[in-house]
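Taking it in order: structure first as structure tokens, then the write-up.
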Amino acid sequence: MKRFVAGIMLLIASSAMGQEIKLTNLRADARGNDDRRPWLSWELRSSHHDVLQSAYRIMLFDDAGAVWDSHKQESAVSTGVVYDGAALASGHTYYWKAMVWDRGRNDSSKWSTVDTFQTGLFTPADWKGAGWIGYEALPDSALRLPGTEKKKGPYRDTLPLFRKEFRVGRPLHRATAFISGLGQFELRINGEKTGDHFLDPGWVDFAKKALYVALDITSRLHQGSNALGVMLGNGFYYIPRERYHKLLTAYGYPKMIARILLEYADGSREDIVTDSSWRTAPGPVTYSSIYGGEDYDARRERIGWDRPGFDDKAWRVPVIVNGPPALEEQTADPLKVFEHFGPRDIARRSPSSWVYDLGQNASGIIRLRVSGPAGAVMRITPAELIRGDSVNQTATGKPYYWQYILKGQGIETWQPRFTYYGFRYLQLDGAVPEGQPNPGHLPVVSVLEGLHTRNAMERTGRFTCSNLLFRRIDSLIDWAIQSNAASIFTDCPHREKLGWLEEAHLMGNSLRYSYDIAPLYRKIVRDMMDAQTPDGLIPEIAPEYTVFDNPFRDSPEWGSSSI
């Protein structure tokens, strides 16, 4: 009887021990540019000491059933485990789970929770006939690529809207938008922005490729009529000469390409692609520059343009245009909006000019709430410094500003979509803060705040200690890291915004302590590969949006980042 009880207790203890090992943070990462065979990773959690993985087992499924079983593999590896089944299909959703064995106790964990990932589009045929569409085509004579010199242009261009209406005729299981818009895009569905990304897609060498983004839009669609709306900005794809410009490029006028994949509950599929059935018209963004700012004329808004039933008969058929020769999925983390900073102080310069102190220097944009008469023009100028009672952009590139023209219909809310700057101070001209004297009956601003934008790389570690000075130094460094983390690591968030490569290798060791930089670093490596010259030189910046003279271009401080 005692042996029976002891045996039962041993089984209970063994079972409890198995439950002590848990797998968390399952990830499936694309291997380079091809996720037919992704990297699979997980982390171990246990209340016991000295728990070490000795083996693992992975199972992968799709909606139809099991796709791959690794069976038990004797290995301590838990990061970058290469999927070893049949090549995965493009645009397909997969599910996977894992379990492990503990070396010391020869005990297995339970199966992990299930992780989901979707493969990208591997070949041009996977785009199902989608074409690049634009409002107009840039003549070849107007192209301005890095390393070329032209005295004239490029000048202010048309920033278009695109729309497409379609029907979802039966119950929907899943919907995905594979989309790229150059230089930057915002996707709207049935009247609302889709997702929380900022400045999609990431910056690359547009002469060689563009990145596309895969967005889950299932919850945005409903049975019946639906509408897609896309706004485009210039980014680094087209930099107008007007206002401040560190450099000038004109790869082409803004354009977009998209495949909307509809997967129905009955197992059937349908594709909505960019073609001549879409419609396009100029939008309310009248100026867009990654270096000069953004202008928005709210009087030019087309109410309901991104909803079903809008009358677009006056809109033109888009032009089918050429795009970059390759499309690759954006696998690095996107940019997003993080902290919001309201003013700590508002100082009056004149009856129509005010300076807001947000108390924190950071990369970002503004959010504005204002009311006033139609046609009133207001300007917000950001800066890191002030001189006297005005903001000072002398060291950061000038003039850069955001300009908003009111439509005169109650409270109006706006924030820039296609540019950003580094700033602490905001100079407001042509309006007054709420509650202040307004003898000129200018627009009244109820909200003017800063929105910090940066790469959404995951925070993995933090520094803390009892010394206040050390904590403040760490905070200062961390703000510099965050404000220079875009789709590349920049040298500054205003004057240049270029990917100087010493950021990657000299700061890399420090960055790893605080952030999961692997997804962004994989992109930076590919940027260096694209920038490499036929004789092997890797220049000092990647993407190489301008060609600097020596000693910068061929110098180990930067190019050795590749090694």
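The values are calculated or read from the model by the stated rules, or taken from the named source; none is laboratory data. Predicted model, so just to flag it, every value in this text is computed and none were measured. Methodologically, a virtual Cβ is constructed for each residue, glycine included, from the backbone with ideal geometry; neighbour enumeration extends over all protein chains shown. Ligands, DNA and RNA are excluded from the accessible area calculation, which covers all protein heavy atoms including side chains. Shrake-Rupley method; radii C 1.70, N 1.55, O 1.52, S 1.80 Å.
Things to note:
- When the stretch 429-487 is filtered for residues that are among the aliphatic types (A, V, I, L, M), open to solvent by 40 Å² or more (accessible area, probe 1.4 Å) and under 29 Å from Y400 (Cα atoms), the ones remaining, listed by number, are L442, V444, L476, I477, A480.
- Scanning the stretch 224-255 for residues that are assigned to a strand (DSSP E or B) and crowded, with 24+ Cβ neighbours inside 10 Å turns up L228, G229, V230, M231, L232, G233, Y238, K255.
- Among the residues listed as S350, S363, the single one being modelled with pLDDT under 95, among the polar types (S, T, N, Q) and farther than 22 Å from G283 by Cβ: S350
- Considering the stretch 505-537, and only residues there that are over 24 Å from E329 (Cβ atoms) and of a type in the set (A, V, I, L, M), the residue that is most open to solvent (accessible area, probe 1.4 Å) turns out to be L506.
- Counting only helices (runs of 4 or more DSSP H) that fall entirely inside the stretch 425-527 and contain at least 1 residues that are modelled with pLDDT of 95 or more and of a type outside the set (S, T, N, Q), the qualifying elements are 468-483.
- Those residues of the stretch 538-552 which are part of a loop (DSSP other than H, G, I, E, B) and open to solvent by less than 10 Å² (accessible area, probe 1.4 Å), in sequence order: P539, E540, A542, P543, Y545
- Options G410, G375, G422, G397; residue that is buried (at least 16 other Cβ atoms within 10 Å of the Cβ), part of a loop (DSSP other than H, G, I, E, B) and of a type in the set (G, A, S): G397
- Residue in the stretch 202-212 that is small (G, A, S), open to solvent by less than 10 Å² (accessible area, probe 1.4 Å) and assigned to a strand (DSSP E or B) present: yes
- Considering residues of the stretch 115-144 that are within 25 Å of T280 (Cβ to Cβ) and aliphatic (A, V, I, L, M) only, the residue farthest from the chain's Cα centre (by Cα): A142
- Within the stretch 311-340, the set of residues being surrounded by fewer than 18 Cβ atoms within 10 Å (Cβ to Cβ), within 26 Å of the chain's Cα centre (by Cα), outside any strand (DSSP E or B) and hydrophobic (A, V, I, L, M, F, W, C) comprises A326 only.
- Those residues of the stretch 380-390 which are at pLDDT 95 or above and either small (G, A, S) or open to solvent by less than 30 Å² (accessible area, probe 1.4 Å) (or both), in sequence order: I380, T381, P382, A383
- Scan the stretch 287-310 for residues that are open to solvent by 20 Å² or more (accessible area, probe 1.4 Å), part of a loop (DSSP other than H, G, I, E, B) and charged (D, E, K, R) and the total you get is 3.
- Identity of the residue in the stretch 267-286, more than 29 Å from G65 (Cα to Cα) and of a type in the set (D, E, K, R), that ends up least open to solvent (accessible area, probe 1.4 Å): D275
- Residue under evaluation P343, criteria (1) part of a strand (DSSP E or B); (2) buried (at least 16 other Cβ atoms within 10 Å of the Cβ); (3) over 26 Å from the mean Cα position of the chain (by Cα), criterion not met: (1)
- Scan of the stretch 45-85 for residues that are at pLDDT below 95, within 30 Å of R269 (Cα to Cα) and open to solvent by less than 50 Å² (accessible area, probe 1.4 Å), ordered by number: D62, G65, Y83, G85
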